[in-house]
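Take a look at the structure below.
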Amino acid sequence: MMSTMTRSRRSLLVLAAALAALAPRQADFSEPFDKILDLYVRDGYVYYLALQKSRGPLDRYVASLDVPRSTIETWPKADQEAFWINGYNALVLRTVIDAYPIRARSQNYPPKSVRQIPGAFEQIKHRIGGASATLDEIETREIAAFGDSRLLLALGRGAIGSGRLRSEVYRGADLERQLTEAVKECASRVSCVRVDQSQRVLQVSPLFSWRESMVAQSLPSDAKWTDRSPIERAIASMIFPYLFPGEQDFLAGNTWRMQFGQFDWRLNDLTGGIPE
């Protein structure tokens, strides 16, 4: 006969399986946001006015992000990464429409920049993953913990200079392809990567320098340029496969110096047309 202890153990296993089946998956959260991005985002630019006027779906999606950390940690790593990327991007959109049209307050940034919103990245708290966090905290604590600098290019910061905001969500099943495309897009855009062979300069986006430790953490074990700093090696290794052959030869020659360019903080607003 089955012992009482055996029956209890089996009952616990059945209960755990039932609870796991009921637990929400990352995909359950992403589909509403996917529809929002498909409707309001075009080539990295956003119809902010239209999104503000029909903000209900975005607000509901943002409210759904307050998932217990214990639930998120049961998902595969790629699903967790996708959750935090999508959550960050959704919170940036809400931050912008909460203040739209943005009023100029500082001469240090463009008039309609997301940086004109007081505390947009450093002070405003959001509920996500069972805790309250600012956008900067989400990036430096949650996203940086995955140790993949490509994730930086997946974050739409409400600015033209950020990685291109996709018209679709990031999904765990597609994440590797999507991140590869994000790096390719960066390597093809002069505001992100510019190879000036005449001046022997490799100029890259300053966002890499903002998160230097995260970028250096992504340094592959077989990286070239052993005489250079970890961040130089990591950036060069990441973009190298997506450069033109002549640019690859130039980097391989190891006579270049790296510079960090200026970040374009203009709002990626498509209302009224692409900003000039």
Working only within segment 248-267, note down all residues that are touching a Gly at 6+ places or on another chain (Cβ under 7 Å) and either among the basic types (Lys, Arg) or not in a loop (DSSP other than H, G, I, E, B) (or both). LEU267
Just for segment 77-115: of the residues that are assigned to a loop (DSSP other than H, G, I, E, B), without any contact (Cβ under 8 Å) to a residue 60 or more places away in the chain and not aromatic (Phe, Trp, Tyr), which one is nearest to GLN262 (Cα to Cα)? ASN108
Filter segment 56-76 down to residues that are assigned to a loop (DSSP other than H, G, I, E, B) and out of contact with any Leu (no Cβ under 9 Å at 6 or more places or on another chain), then give me how many there are. 7
Got a number for residues in segment 163-216 being within 24 Å of GLU142 (Cα to Cα), among the small types (Gly, Ala, Ser) and out of contact with any Leu (no Cβ under 7 Å at 6 or more places or on another chain)? 6
Of the residues that sit in segment 105-121 and are of a type outside the set (D, E, K, R) and more than 23 Å from ILE138 (Cβ to Cβ), which one is nearest to the chain's Cα centre (by Cα)? PRO110
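Okay, residues lined up against (1) surrounded by 22 or more Cβ atoms within 10 Å (Cβ to Cβ); (2) out of contact with any Ser or Thr (no Cβ under 8 Å at 6 or more places or on another chain):
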site: TYR48; (1), (2): yes, no
site: ARG55; (1), (2): no, yes
site: ALA63; (1), (2): no, yes
site: THR71; (1), (2): no, yes
site: GLY87; (1), (2): yes, yes
site: VAL96; (1), (2): yes, yes
site: TYR100; (1), (2): no, yes
site: SER132; (1), (2): no, yes
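Each row is one residue, and each column tells you yes or no for (1) under 26 Å from ARG257 (Cα atoms); (2) of a type in the set (A, V, I, L, M); (3) modelled with pLDDT of 95 or more; (4) in contact with a helix residue (DSSP H, G or I) (Cβ under 6 Å, 6 or more places away or on another chain).
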residue: PHE146; (1), (2), (3), (4): no, no, yes, yes
residue: ARG150; (1), (2), (3), (4): yes, no, yes, yes
residue: GLY161; (1), (2), (3), (4): yes, no, yes, no
residue: VAL169; (1), (2), (3), (4): no, yes, yes, yes
residue: ALA173; (1), (2), (3), (4): no, yes, yes, no
residue: ARG177; (1), (2), (3), (4): no, no, yes, no
residue: VAL183; (1), (2), (3), (4): yes, yes, yes, yes
residue: VAL195; (1), (2), (3), (4): yes, yes, yes, yes
If the requirement is being surrounded by fewer than 21 Cβ atoms within 10 Å (Cβ to Cβ), assigned by TED's automatic domain parsing to the domain that holds SER167 and at pLDDT below 95, which of these qualifies: ASP59, ASP28? ASP28
Could you grab me the full set of residues in segment 161-177 that are under 15 Å from SER149 (Cβ atoms) and either surrounded by fewer than 21 Cβ atoms within 10 Å (Cβ to Cβ) or not assigned by TED's automatic domain parsing to the domain that holds TYR40 (or both)? GLU176
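The values are calculated or read from the model by the stated rules, or taken from the named source; none is laboratory data. None of these values were measured; they are calculated from a predicted model. Ideal geometry is used to build each Cβ from the backbone, glycine not excepted, and the neighbour counts take in all protein chains shown.
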